[in-house]
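*Asks:* Mind looking over this structure? Questions follow.
The values are calculated or read from the model by the stated rules, or taken from the named source; none is laboratory data. Every value quoted in this text rests on a predicted model; they were computed, and no experiment measured them. Glycine gets a Cβ as well: all are built from the backbone with ideal geometry, and neighbour counts include every protein chain shown.
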Amino acid sequence: MSGASLLQLFFSGLTIGSIYALIAVGFVVTFSVTGILNLAQGEFAAVGALTAASLHMHGAALWVSVLAGTAAAVLLGIVMERAVIRPARRIDLLSVVIITIGVDIVIRGAALMIWGADPLTLAPFTDRPPLHLGGATLDWQTVWTVAISGVFFVALIWFFRTYQGKAVRAAVMNHTAARLVGIRPSRLSFYAFAVSAGLGGLAGTIVAPITGATYDMGLMLGLKAFVAAVIGGLNNAPAAVLGGLLVGLLEAFTAGLISSDYRDAITFIVLLLMLFVRPSGLFGRTAGKRV
Amino acid sequence: MRMAEPLLEIRNLSKRFEGVVALEDIGFTVQKGHISAVIGPNGAGKTTLFNLLTGMVKPDQGKILLEGRRIDRLPAHAIARAGITRTFQNIEIFQNMTVVENVMVGRHLRTTSGWLTSFFSLPGRLRDNRQAFHRAMELLETFELADRAFQPAGILPYGLQRMVEIARALAAEPKLLLLDEPMAGLNAGESRKLAAFMQEIRHTGVTILFIEHDMEMVMETADDIVVLDQGKMLAQGPPAAMQRDPRVIAAYLGEEVI
Amino acid sequence: MIRRGPLAQLYPPSWPAIVTVGIVLAVIPFAFGPYVLSVLIAVGLSSIVAVGLSLFIGYAGQISLGHAGFYGIGAYTSAILALRGVDGWATILIGMAITGGVAWLVSRPTLRLEGHYLAMATLGLGMILNIIMIQWTSVTGGPSGLTGIPPLTVGSFVFDADWKLYYLIWVMALLVIWGFRNLVHSRVGRALKALAESEAAASSLGVPTARFKEMAFILSAMAASLAGSLYAFYLSFVSPSTFDAIASIEFLIMAIAGGVRSVWGAPVGAAVVTILSQAMKSVVPALFPSAGGEYSILVFGVLLVVILLFLPQGIVPGLARGVLTIRHRWTRPGDSGSAAPGGEG
Amino acid sequence: MLRVENLHTFRGRIHALKGVGIHLNPGEIFAVVGPNGAGKSTLLGTIAGLYRPSQGRVWFEGAEVTGTAPEELVRRGLALVPERRQVFQGLSVRDNLLLGAYHRYRKQRESLEKDMDDILTLFPRLRQRVGQAAGSLSGGEQQMLAVGRALMARPKLLILDEPSLGLAPKMIAELFEAFVDMRKSRGLTILLVEQNIRAALGIADRGVVLERGWVKVEGSVSELKTHPQVEVAYLGRYAEASASPGGPAG
Amino acid sequence: NSGGGQGTSPGGGAPSDTVKIGAELSVTGPASSLGRPERDTLQMVVDEINASGGVGGKKLQLITYDDESNPTKAVLNLKKILDQDHVSAVIGGTTSAISLGLIPTIEQAKVPFFSLAADQRIATPVKPWVFKLPQGDNLVVERILAYLKSQNITKVGWLSSSDDFGQGGKNTFEALAPKYGIQGVAFESYVPTDKDMIPQLTRIKNASPQAVIIYGIPPGASIATKNFAQLGFKVPLIHSHGIANQDFLTQTGSASNGVVFPASKLLVANQLPDTDKQKTVLLKYKDDFEKKFGYPANAFGGHAWDAIQIVAKAAGAVGGDPQKIRDYVENNTKDFVGCTGVFTFNPADHNGLTKEALALIKVVDGKWTLLQE
Ligand SMILES: Nc1ncnc2c1ncn2[C@@H]1O[C@H](COP(=O)(O)OP(=O)(O)OP(=O)(O)O)[C@@H](O)[C@H]1O
Ligand SMILES: Nc1ncnc2c1ncn2[C@@H]1O[C@H](COP(=O)(O)OP(=O)(O)OP(=O)(O)O)[C@@H](O)[C@H]1O
Ligand SMILES: [Mg+2]
Ligand SMILES: [Mg+2]
C-alpha cells in the first residue's frame, strides 16, 4: 500500500479515534469522580448532536447551535445526577450501572419522540474543501475533532495534577475518608455529571457534521468509547484520549490493511492481547492494594 | 513441651518492592507444637513475611520448607492445603456472608464435594454441608459467637471480626496457624482469653506463629520470639532473653519496657 | 410456620419453590393461548442464561457483557448441525461442549482481569463471536441467518408445537435453576462467594480461586449455550442480531433487576423484563392512543430505573427483605440482636 | 466543647447506642473504653456525622450539630480518625497528608508544608515512605498516616478510634506523648476510643466505660482506674482467665 | 392445535363486520427509517378505505406492533397478533432477517403473510402462505449489472453493509456478475453504525476499479458517499435502492451528485412518461402521504401500500377468512398496479414482479432524475 494511502488511513483513524476520545473522556470524568460507570454517556453526544442539528436546520447560527447542543447535554447531565444518581448513592455499583442503562433507554426513547428516527445533519464548523496533505485528504472537521480532543488531553493532565484534582481522585477511592477531610463528594458528583455531559454534548456536535445526528447514535459511540476509556485505565483521563486514538487507529488500519469484514474482531483481539499483557490497563498504574 | 522438631524452616528469604527492601536474608525455624511470635517495629516486614509464607507474594530469594518440603513456589491455595492457614492484619472477612458461612469456608480443605456433586446434589453435597456446618458451629460456640452465626459478618464490630477470622483459619485444621496481630482491637481481658485459647489450640497439635505488638501478651504466650527490624533479623530467642536484649529495646520496645 | 433446623435456615430446601413454580407453569397452557406461551418461552430461555450469569456475577463476583455470544454458539451449533442432519439432542450437547471449550480457552487470560477490564474483555469476546456469526457466511448464513431448522424429536414425538417446547424449555429451566441453587448452597458455592469478597482470604483457606472462577464462567457459558440451542429449535431460525452486545446487556439487566445474589432472581428478572416490555406494547397505546412505539421504550426505561432505585439488590432479595422486615415487626417488636438469616429463597 | 445527650443510633437493625451522654471540656482528653461491640465506634461516628442518630443531640462549641455532615464538621474544627484507617489507598503518603488539610487549603496554603513537616517528624517512618502509595504501606504505617492526616486538618477537637491499633509499643508511647504536647501547645481537645486501656488512661483526664450501648461507668481517670469492673475486665489484672476469647460481647 | 388449551381458531373471535389485519414492523431501532413510513402508510390506507365505506361492507382494522428491529421480539409480536388478535392477514417483516424469522410461525398458523423485505429466500422457493412485495435483490442487481455493461465497465469495487441487506446484495452480485462479464476487484464491508469508511474505500481505490457499487442504506451509505467524494475518487458511483430516501440527499449534499441507482419509480413519479402504468398510482400515493405526514414518501411505504391494497381487495372479494384471502391473492392478483411495480402472482411466483418495476435514477444537482435509457 502506498504512503499516501497509509497516511489516509492514519487520518481516518485520527478522525474516528478523536470522536471516541471525546466521549471516553466523559466516561472517565464521571468514573474518576464518582466511581460510577455511566453507560448513558453516549446519549449526551446524541442529545448534543440532535439539539444542535435541529436548531441549525431551523436557522440558528452554527455557533449558537453548538453551544445550545452542549448546554442541552449539560442540563440533561444535571437532571440525571439529581434525579437518579443522587438517590442511588447508597446502592451497589453494579445496580447503578444498570440504572444508567435504564437512563440511556429513557433518553433514547425521548430523543426518538422529539426528533424522530430520521437522521439530521449539521453543517461542518469550517466550510472549506478538504486539505490535501502528502497525497491524502483531511477533512476540516477532523482537524476540529483532533484539536479539541488535544485541548482536553492537555487540560485533563493539568487538572488531575492540581490539588483539587487529587481531591477528586481521593473522593472515589474512599468516600467516607473524603468526607472526613472535608471533601464534598456529592458536590463533586454534580460537577462531574455536568462536565462529562457537556463534554459528551460537545463531542456530539463535533461528530454530527461528519456522521449526521440520529437518536440511536449514542449507543454504539458509547460502547466504543467505553472500550477506549477502559483501555486507558478508566480513571486516567489523559489516557482515555490516547485510548480513543488507539482504538480509532487500530480500526482504520485493520479495515484498510487486513479486512473490513473482521475489523471489529481484529481490533478487539489486539486490544485484548494488550490487556492480557498489562491486566491493569495500558496506561494504568498498579493499584496500591495489598493484604 | 513436645520434642523439638522443626515444622517450618525459612532460609535466606528476601523480598523487595520497587526499591523498598521489605525483607532481607531472613532465616529461622519454627518448632512443631510451639507458639512463636514475630515482633518488630512498624514496617519491619512482619506481614510481608506472612504473605511470603502463605504464597500471597512470591519471594525474590530464599526457601521456605514445611516439614522439609519446599513450599515457596506453590500457589496460595496449595500452601493452605499443605497445612498453613492465616488471619490478616487488615481483616479480610467475607462481609456479605453469614458468620457461620465464613467459618464453613474454612472447612473447604476438609470437605470434598465438587462441581458435579454440588450441581446435581449427589449425596456428598449435603454431607459436606452438614459436616462443615457442625464443625463451624462448634468453633463459634467456643468463640462465644454462636448467637451471631446467622448475621452477615460485615456488621460485627471490629474485634469480633478478628475472632471470626481466627475461627475460620482454625476450621481448616492447619498444621501451622499464622495470626497477624490477633490482639489488635481487643482489650486486655479479651486478649487474655485469646492467649489462653491459643494455648489450648497448641495442645491440639497446631503450631502457632503470631505477630503482635502487645508485649505483655507476647511475653506470656510465646515460647520463642523472632525480632525483625527494617527487614532484617534482629534476634531470635526465648521471651525473657529478648526482653532484655538492648537491640530489641532500642529498636522496638523503647525505654518504657513493660 | 414450619420449624426448620439451623442448617435448613441457612440453606432452605429448593424443592418447595421449584414444585410450586412447576405446577403453576404446568397449568398455564390450559388457561392461556399460544401468545402467553410464547412470552413464557422467552422468559424460560432468558432465565436459563440469566441464572448462569447470576452465578458468575452474584456469586463469583465477576462480570460478563458477552453471554449473548455463548447463547449464540449454542443456537448456531444446533442450527448448523441439525440442518446437516445431526440429531437435535446431540447438537445441544455438542453446542454445550463447544461453548465450554471456548469459554475455557478464553477464561485463562480473561479472568485474570478485574472489574471494568473484565467487562470490556467479555464485551469484546461477545462482539467477536457475533462478528463471526455475521461474516462466516458459508457456515452461518451471514447476516440473515439460517432458517428451517428441523425440530427436536423423541422417537416419533416431534417438538413442533409451542406447547411442547414450552414444557421442554421450562423443564430444562427448572432443572438448571435447581442445579445452580444446589451449587450455591454447597461447598463450591461458599468458595465462590468467598473469592468474590476476598481472593486473598479465599485462597488462604485452600480455594483455588482462578480455577473456581474459570469453572463458574464455563458453567454459566454452558447454560447460555443450552438456552441458545433451545432457542434455535423453538424459532427454527437464527440470525446474528439476536446475539449482539445489546442482547448481552439485556441478559445482564434481567439478572441484576431480578437480583444476582439469589438464584430465583434470574427467572424473576427475566419474567419482569420480558413481560414489562411486552406489556408496555399493549398498555401504553391503550392509555395514550396517539403514542407510538417510542413511548413503550421510554416507559420501560423509566420502570427499570425505578425498580432498581427502590430495590437496589434486585427484585427477589428486595421483596424477600421486605417480607422479613414485616414479619420481624410482627413477631419481635423493638430491638433485637439477630438480623435476617443469609440464606435466600 | 462537645456535649452529647441521650444519643440513640441504629446500625441496620441493631440498636447500637441506647442513650449515651458525655461532655468534654476544652483542652480535655477524654477516653471511651468498652468491650467489642459496645458501640464505641458507633458513638464516634455519630458525633462526627457519619451515622444519623435516631434520637438525642450533639453540641459542638455551643452550637447544635446533630446530623451535620462530616465534611461540614471538619470545617468547624472536628476531625475523626476512623476505625480501620481509611487512607486513600492509591494516593501517595504526601498527597494523603495534604488532603487532610483540604478545608483550609485555599486559605492557608503556606502553612501546609510546615505542618506536614511536623507530622513527618512525629512519624519518621512516614518520611521514609513519603512518595509511596498509601495502600502499600504496612498496617502500622497506615495507622500513622490516618492520624497524621487528621492532624493536618488542625482540628480543635480530635476524635480517635483506636489510634494505637497496630502500632509498635515505642510508637504508641511517642504518639501519646505528642497528644499531650498538642493539648498543651494548642489546647487540642481529644476524644479517644482505646482498647489499650493502660495507654489511654495514662493520658486521659476523664472517661467512660461503654457497654452494650450504655454508659456503664463514668468518671475521672483515677476513679476509672480503681473501679472494680474496669480492673477486672479491661486491665486484665485477674489471675486465671477462662479458656475462651471473645469477651462479654453479644 | 395448542396444548389442550382453548385454542380459538384464527379469525373466529373477530366480529364479522370487521376484517383484522396485523402489522409487524420495525418502527424503532436501526430499521426505523423503513418501518415508520410502512406503518404510516398502512394506517393512512386503512383510514381511507374505511372512510369510503370499507371493503365488501366490512371495515378494516389494523393492529400494529413494533419489534424494535429485533427478530426475537418480532416473533413474539407475531404470536400475539395471531393468538390474541385473530387477524386475517399479516403485513410486515421490515427487514429480511425478521421476515425470514417470522415465516416458520406463519406457516404453522396458516395466515397469509405479506413480507416487506427484499431477500430472495423469502419467496424462493415459494411458500404457500408467504408473499413478497419488494423487488428482490436479483432484479436490483441485474439492473445495475446491465447498466454497467452498457457503460463498458468490467471491473468494479464493492462496498456493502454487513447486515442482511448488504449481504443479500453481495451474494446476488457474486452469483450474477459473471453472466454480464463483470468482475469484482475488491469486496469490502462496513458495520451499519460506522462513522467513517475511508479505510474501506482506500482499499477499493487501490484496486483501481472502473466503478464502485455501494450497497447499503443511510446513514452508512451517506457517510460512504461523502468519504468517496472526499477521497477524490473519480469513477462512477453506483448505489442500490437502499438510498431511495430523501435523507440520503440531505446528508450527502453535493457529494452525491452523479450517483446512479435503480429504485422504485416512486422517487421520480412526476418524471415518468404518461404511458407508464404506475404513474397515477404513484403520484396519488406520494401526494396523500406527504400531505398527511409531512415527510417525503419512499419506496418502503410503497411496499406497504401495495400489500394493504392487495389484502383489501381480497377481503372485499372473499371476506375475512385467511385461507380464502390466500387463495384469492395467489390466483386473482393479475396486473395489479402498485407503487412497487405491476404484480401478477401465481402458485409458482409469490413476488410477481418484472424488472420494469425499477427505474434507473441519477442524482443531478441534489435531485432524483429519471435516467432515460
Ligand atoms: N454496618 C453495620 N450494620 C449493622 N450493625 C452494625 C454495623 N456495624 C456495627 N454494627 C453493630 O453495632 C454494634 C456496635 O458496633 P461498634 O462497631 O460501634 O462497636 P465497637 O464498640 O466499636 O467495637 P470494637 O471494639 O470491636 O470496635 C455491634 O453490635 C455491631 O454488630
Ligand atoms: N506491595 C508493596 N509495595 C511497596 N511497599 C511495600 C509493599 N508491601 C509492603 N511494603 C513495604 O514493606 C515494608 C514492610 O511491610 P510489612 O507490612 O511487612 O510491615 P509490618 O512489619 O507488618 O508492619 P506493621 O507492624 O506496621 O504491620 C513496609 O515499609 C511497607 O511499606
Ligand atoms: Mg503488619
Ligand atoms: Mg470499634
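*Asks:* Do we have any residue at all in region A:220-240 that's modelled with pLDDT under 85, in contact with a Pro (Cβ under 8 Å, 6 or more places away or on another chain), surrounded by fewer than 24 Cβ atoms within 10 Å (Cβ to Cβ) and not polar (S, T, N, Q)?
*Replies:* no
*Asks:* From the list B:Arg202, B:Arg135, B:Arg148, B:Arg162, pick out the single residue that is among the basic types (Lys, Arg), more than 7 Å from every other protein chain (Cβ to nearest Cβ) and within 16 Å of ligand 1 (Cβ to nearest atom).
*Replies:* Criteria check complete, one pass: B:Arg162.
*Asks:* Would you call D:Ile47 β-branched (Val, Ile, Thr), more than 16 Å from ligand 4 (Cβ to nearest atom) and surrounded by 22 or more Cβ atoms within 10 Å (Cβ to Cβ)?
*Replies:* Here the answer is no, as D:Ile47 does not meet what is asked.
*Asks:* Among the numbered conditions (1) within 15 Å of ligand 2 (Cβ to nearest atom); (2) in contact (Cβ under 8 Å) with a residue 40 or more places away in the chain; (3) facing another protein chain (nearest Cβ under 9 Å), tell me where B:Asn90 comes up short.
*Replies:* (2)
*Asks:* I'd like the full set of residues that are within 16 Å of ligand 3 (Cβ to nearest atom) and among the hydrophobic types (A, V, I, L, M, F, W, C), limited to region D:135-152. Before you say what the answer is, go through the steps one by one.
*Replies:* Within region D:135-152, the first condition is being within 16 Å of ligand 3 (Cβ to nearest atom), and the residues that meet it are D:135-146.
Residues satisfying the conditions are D:Leu137, D:Met144, D:Leu145, D:Ala146.
*Asks:* Let me ask something additional. Among the listed residues D:Leu175, D:Leu192, D:Leu158, identify the single one that is surrounded by fewer than 24 Cβ atoms within 10 Å (Cβ to Cβ) and either in contact (Cβ under 8 Å) with a residue 24 or more places away in the chain or more than 16 Å from ligand 3 (Cβ to nearest atom) (or both).
*Replies:* Step by step, each of D:Leu175, D:Leu192, D:Leu158 is checked, and only D:Leu175 is surrounded by fewer than 24 Cβ atoms within 10 Å (Cβ to Cβ) and either in contact (Cβ under 8 Å) with a residue 24 or more places away in the chain or more than 16 Å from ligand 3 (Cβ to nearest atom) (or both).
*Asks:* Checking the structure you have, find out if any residue of region E:137-157 is under 19 Å from C:Ser241 (Cα atoms) and in contact (Cβ under 8 Å) with a residue 60 or more places away in the chain.
*Replies:* Scanning region E:137-157 turns up no residue that is under 19 Å from C:Ser241 (Cα atoms) and in contact (Cβ under 8 Å) with a residue 60 or more places away in the chain.
*Asks:* For region A:85-99, does any single residue satisfy the condition of being in a helix (DSSP H, G or I), under 18 Å from A:Leu219 (Cβ atoms) and of a type outside the set (A, V, I, L, M, F, W, C)?
*Replies:* No, there is no match, as no residue in region A:85-99 is in a helix (DSSP H, G or I), under 18 Å from A:Leu219 (Cβ atoms) and of a type outside the set (A, V, I, L, M, F, W, C).
*Asks:* Can you tell which of A:Asp104, A:Asp118 is within 14 Å of chain C (Cβ to nearest Cβ) and either farther than 17 Å from A:Leu39 by Cα or in a loop (DSSP other than H, G, I, E, B) (or both)?
*Replies:* Result of the check over A:Asp104, A:Asp118: A:Asp118.
*Asks:* Could you check region E:191-306 for strands (runs of 3 or more DSSP E) lying wholly inside it with 2 or more residues that are within 14 Å of another protein chain (Cβ to nearest Cβ)?
*Replies:* E:211-215
*Asks:* Would you call B:Lys63 surrounded by fewer than 19 Cβ atoms within 10 Å (Cβ to Cβ) and not in a loop (DSSP other than H, G, I, E, B)?
*Replies:* yes
*Asks:* A follow-up question, please. Go through (1) crowded, with 18+ Cβ neighbours inside 10 Å; (2) within 11 Å of chain A (Cβ to nearest Cβ) one by one and return the number of the condition C:Gly115 breaks.
*Replies:* The single condition C:Gly115 does not satisfy is (1).
*Asks:* Being in contact with a Phe, Trp or Tyr (Cβ under 7 Å, 6 or more places away or on another chain) and at pLDDT below 90 is true for just one of C:Pro151, C:Pro109, C:Pro143. Which residue is that? Before the answer, list the steps.
*Replies:* On the way: C:Pro151 fails: at pLDDT below 90; C:Pro143 fails: in contact with a Phe, Trp or Tyr (Cβ under 7 Å, 6 or more places away or on another chain).
Answer to the check: C:Pro109.
*Asks:* I'd like to know if region D:203-212 contains one or more residues that are surrounded by 22 or more Cβ atoms within 10 Å (Cβ to Cβ), more than 16 Å from ligand 4 (Cβ to nearest atom) and over 30 Å from B:Ala22 (Cβ atoms).
*Replies:* yes
*Asks:* Right, here's the next one. Just to be sure I understand the filter: pairs with C-beta atoms under 7 Å, separated by 6 or more residues or on different chains, first member in region A:231-252 and among the acidic types (Asp, Glu), second member part of a helix (DSSP H, G or I). Which pairs pass?
*Replies:* The qualifying pairs are A:Glu251/A:Gly13; A:Glu251/A:Ile16; A:Glu251/A:Arg263; A:Glu251/A:Thr267.
*Asks:* Could you tell me which of the residues B:Gly189, B:Gly185 is within 7 Å of another protein chain (Cβ to nearest Cβ), free of Cβ contacts under 8 Å to residues at least 24 places away in the same chain, touching a helix residue (DSSP H, G or I) at 6+ places or on another chain (Cβ under 7 Å) and within 16 Å of ligand 1 (Cβ to nearest atom)?
*Replies:* Going through B:Gly189, B:Gly185 in turn, just one is within 7 Å of another protein chain (Cβ to nearest Cβ), free of Cβ contacts under 8 Å to residues at least 24 places away in the same chain, touching a helix residue (DSSP H, G or I) at 6+ places or on another chain (Cβ under 7 Å) and within 16 Å of ligand 1 (Cβ to nearest atom): B:Gly189.
*Asks:* Modelled with pLDDT under 95, in a loop (DSSP other than H, G, I, E, B) and touching a strand residue (DSSP E or B) at 6+ places or on another chain (Cβ under 7 Å), is that true of E:Gly320?
*Replies:* yes
*Asks:* I want to confirm something. Restricting to region D:1-44 and keeping residues that are more than 13 Å from chain B (Cβ to nearest Cβ) and without any contact (Cβ under 8 Å) to a residue 60 or more places away in the chain, which single residue is surrounded by the most Cβ atoms within 10 Å (Cβ to Cβ)?
*Replies:* If we take residues in region D:1-44 being more than 13 Å from chain B (Cβ to nearest Cβ) and without any contact (Cβ under 8 Å) to a residue 60 or more places away in the chain, then D:Leu7 is surrounded by the most Cβ atoms within 10 Å (Cβ to Cβ).
*Asks:* Same structure, new question: So which helices (runs of 4 or more DSSP H) are wholly in region D:40-139 and hold at least 3 residues that are in the same structural domain as D:Leu7 (by the TED database) and more than 16 Å from ligand 1 (Cβ to nearest atom)?
*Replies:* Correct list: D:70-76.
*Asks:* Answer yes or no: is there a residue in region D:127-134 that is within 14 Å of chain A (Cβ to nearest Cβ), surrounded by fewer than 21 Cβ atoms within 10 Å (Cβ to Cβ) and within 16 Å of ligand 3 (Cβ to nearest atom).
*Replies:* yes
*Asks:* Another one. Identify, please: which residue in region C:172-208 is free of Cβ contacts under 8 Å to residues at least 12 places away in the same chain and among the hydrophobic types (A, V, I, L, M, F, W, C) and is, among those, surrounded by the fewest Cβ atoms within 10 Å (Cβ to Cβ)?
*Replies:* Residues of region C:172-208 free of Cβ contacts under 8 Å to residues at least 12 places away in the same chain: C:175, C:179, C:186-187, C:190, C:198-206, C:208.
Keeping just the survivors that are among the hydrophobic types (A, V, I, L, M, F, W, C) gives C:175, C:200-202, C:205.
Numbers: C:Leu175: 14, C:Ala200: 19, C:Ala201: 28, C:Ala202: 27, C:Leu205: 27.
Top of the filtered list is C:Leu175.
*Asks:* Go through (1) away from chain A (no Cβ under 14 Å); (2) away from ligand 3 (no atom under 16 Å from the Cβ) one by one and return the number of the condition D:Ala168 breaks.
*Replies:* Tallying (1) away from chain A (no Cβ under 14 Å); (2) away from ligand 3 (no atom under 16 Å from the Cβ), D:Ala168 fails exactly one: (2).
*Asks:* Need at least 1 residues that are within 14 Å of chain E (Cβ to nearest Cβ) per element, so show me which helices (runs of 4 or more DSSP H) inside region C:155-210 make the cut, counting only ones lying wholly within it.
*Replies:* It comes to C:162-184.
*Asks:* I would also like to ask the following. What number of residues within region E:267-297 satisfy the criterion of being under 27 Å from E:Arg326 (Cα atoms) and surrounded by 17 or more Cβ atoms within 10 Å (Cβ to Cβ)?
*Replies:* 4
*Asks:* Have a look at D:Leu2, D:Leu91 and point out the one that is away from ligand 4 (no atom under 16 Å from the Cβ), under 23 Å from D:Ser164 (Cβ atoms) and of a type outside the set (Phe, Trp, Tyr).
*Replies:* Step by step, each of D:Leu2, D:Leu91 is checked, and only D:Leu2 is away from ligand 4 (no atom under 16 Å from the Cβ), under 23 Å from D:Ser164 (Cβ atoms) and of a type outside the set (Phe, Trp, Tyr).
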